[in-house]
1. Give the shape of segment 70-127 as rounded, prolate or oblate, defined through the alpha-carbon gyration tensor: a ≥ b ≥ c are the square roots of its eigenvalues, a/c under 1.5 means rounded, and otherwise the shape is prolate if a/b is larger than b/c and oblate if not.
2. Can you work out D for the chain in µm² s⁻¹ from Stokes-Einstein, where Rh is the Kirkwood radius over C-alpha pairs, the temperature is 4 °C and the viscosity is 1.567 mPa s?
3. Suppose all protein chains stay in the model; what accessible area per residue would a 1.4 Å probe give for the chain, in Å²?
4. If I compute solvent accessible area with a 1.4 Å probe over the protein chains, what percent of it on segment 1-111 is carbon and sulfur?
Amino acid sequence: SLPREGRGGAGKRLSEHIRWSLEWGPHLKALEDRRKRTGTAPAALLRRPKLEPHDHRYLAAFNRLSRSRQAGMGGPQPVSISEMLAYLQAFDIEPCRRGRYIDVLQEMDGAYMAHALEKVKASQAGK
């Protein structure tokens, strides 16, 4: 069973993870190489959110759902609740846990969408 958390625990932690990964994920190997070379962790690595063991089930769900997200002229679209429900049913997530999953997934998707919107605005400003 999933640990009980106060409001915002896993969702907040995982949203921070999404934001960090979108910004620093492409540079992770270079950051780790720098830590090995200098013996000091770069500030970005020190700010990397720590995940709890039970967070990985939400992260796996988000990653799978994110790969199926629709894209429009303005960039990627949010993952729909119907897609989330289809995933939760397909993977036999108990009905009593689905609301929590949707809350966490939507919070993670909000972080993803905010980053995507920033990229769209930046590309439009450069035109």
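1. prolate
2. Using the Kirkwood radius from Cα pairs, D works out to 80 µm²/s.
3. Details: 8370 Å² over 127 residues.
In whole numbers, the chain has 66 Å² accessible per residue.
4. Carbon and sulfur: 52 percent of the exposed surface of segment 1-111.
The values are calculated or read from the model by the stated rules, or taken from the named source; none is laboratory data. All of these numbers come straight from a predicted model, not from anything done at the bench. Only protein heavy atoms, including side chains, enter the accessible area calculation; ligands, DNA and RNA are left aside. Shrake-Rupley method; radii C 1.70, N 1.55, O 1.52, S 1.80 Å.
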